[in-house]
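Below: one structure, written as structure tokens.
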């Protein structure tokens with residue numbers, strides 16, 4: 001048996017991987033696999049624990065089967081495919097040597113194999129440094145479509161993708177951002193940069209799934225996901241963020257190399273990626289994690305479960321507070337306790353202010369109405385020491401007064417298109433505009449009776465309590 005494998009290995013055009021169980025035949029291997037195997041093993045254990053059973057794995061472009069056999073040794077049932085018959089001959093002889101392992105192999109093209117996969121036939125699909133050859137042969141758009149068709153059929157995929165800046169003949173066919181080949185997956189997270197024997201350019205290793213997030217070695221199920229945090233965002237983040245909801249938590253993924261908003265995902269990847277969104281994502285991730293790790297006393301902040309950051313991504317998982325966004329509640333037309341909401345938000349803004357902190361996006365879509373009627377100011381990445389609102393007129397106090405108007409009139413406006421008269425004390429606060437009811441008209445008038453330099457959220461909270469209490473009396 002050893003002699004047969006030795007002969008087959010000698011006949012290989014390239015010993016790409018270590019020969020499983022035969023270190024004496026692996027001296028001339030092209031790539032060390034230990035770095036990738038560590039990530040593959042960690043993912044395997046995390047998914048097997050979540051599913052409560054050994055996994056079914058498909059190894060696309062299995063080469064000499066090193067990863068297939070390594071996973072089978074962990075208890076997986078593995079099927080490996082490779083278009084090169086010489087590779088499969090080695091794999092089959094090794095399988096005969098390790099009969100206790102549940103592993104099979106076949107000579108097949110990756111395109112044909114993916115097209116024949118049935119839903120839930122496999123838990124995990126490996127595609128390690130194979131798709132760049134297919135991109136070179138049939139184009140990035142077709143490979144993207146192929147992988148999009150695979151996404152709903154499996155629990156997760158682990159893909160190592162080549163880059164367009166590698167000094168090889170196939171590089172020009174690759175998208176500038178390799179992540180875009182995985183556009184059909186909801187969750188796409190780079191877990192490592194791997195080295196190759198071809199150049200000094202590292203390749204990203206991605207975990208992708210339409211069912212689970214995988215962060216810091218932990219997994220979580222998500223029922224829904226979205227690219228925008230709320231309906232009024234309207235493409236603000238340019239596809240550079242993803243939010244995942246399930247199991248009582250929110251997982252956030254911030255891409256620090258967001259695509260330009262031109263054409264489809266493959267076309268966008270060919271353009272230079274703007275730094276502005278990347279920088280904003282980094283700042284807001286830092287702000288949110290810092291705030292959730294050190295919230296002010298009694299502030300209704302959720303527990304931060306995990307977080308991390310790499311060169312191209314940042315991520316966090318936090319508890320999900322129950323409730324509905326105020327903007328959604330207003331659009332639904334149901335009953336809203338306006339006074340209780342304003343009082344609660346003012347108390348939270350005043351608590352932040354005592355710590356030298358301000359919220360730069362005080363909007364109805366950043367207020368969560370809890371099941372018990374309470375209101376919480378969310379979007380923790382908008383909290384920091386800068387006392388400026390994120391949009392014109394860049395004043396946190398005027399932004400709050402606009403919020404009061406919107407809650408009282410049940411009319412939410414896009415702050416980007418907010419006209420001057422909406423914040424003018426002469427056109428808006430001096431008279432009762434469009435039937436703005438008391439005590440809110442009185443409150444706004446009382447606020448403007450003070451010099452602008454004296455405004456604070458502590459002052460606004462006191463004025464609102466005085467007027468609200470006098471109304472009740």
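Observations on the structure shown:
- So residue 17, is it modelled with pLDDT of 95 or more and either more than 40 Å from the chain's Cα centre (by Cα) or not in a helix (DSSP H, G or I) (or both): yes
- Some residue of segment 91-102 being closer than 17 Å to residue 185 by Cβ and buried (at least 16 other Cβ atoms within 10 Å of the Cβ): no
- Residue check, residue 12 part of a helix (DSSP H, G or I), touching a helix residue (DSSP H, G or I) at 6+ places or on another chain (Cβ under 8 Å) and farther than 25 Å from residue 155 by Cβ: no
- Comparison of 473, 399, 449, 430 shows that the only residue that is more than 42 Å from the chain's Cα centre (by Cα), on the phi < 0 side of the Ramachandran plot and modelled with pLDDT of 90 or more is 449.
- Within segment 117-134, being within 17 Å of residue 166 (Cβ to Cβ), surrounded by fewer than 23 Cβ atoms within 10 Å (Cβ to Cβ) and either in contact (Cβ under 8 Å) with a residue 40 or more places away in the chain or not assigned by TED's automatic domain parsing to the domain that holds residue 44 (or both) holds for 129, 130.
- Residue match in segment 180-193 (condition: assigned by TED's automatic domain parsing to the domain that holds residue 45, closer than 22 Å to residue 17 by Cβ and in contact with a helix residue (DSSP H, G or I) (Cβ under 8 Å, 6 or more places away or on another chain)): yes
- Among (1) assigned to a helix (DSSP H, G or I); (2) under 24 Å from residue 150 (Cβ atoms); (3) touching a residue at least 40 places away in the same chain (Cβ under 8 Å) - the single one residue 48 does not satisfy: (3)
- Hey, residue 54 without any contact (Cβ under 8 Å) to a residue 60 or more places away in the chain, touching a strand residue (DSSP E or B) at 6+ places or on another chain (Cβ under 8 Å) and buried (at least 16 other Cβ atoms within 10 Å of the Cβ) or not: yes
- Residues of segment 1-48 satisfying the condition of being farther than 22 Å from residue 98 by Cα and touching a strand residue (DSSP E or B) at 6+ places or on another chain (Cβ under 8 Å): 35, 36, 39, 43, 46, 47
The values are calculated or read from the model by the stated rules, or taken from the named source; none is laboratory data. Bear in mind that the values here come from a model prediction, so they are computed numbers and not experimental data. Positions of Cβ are generated from backbone atoms using ideal geometry, with glycine treated the same way; all protein chains shown enter the neighbour counts.
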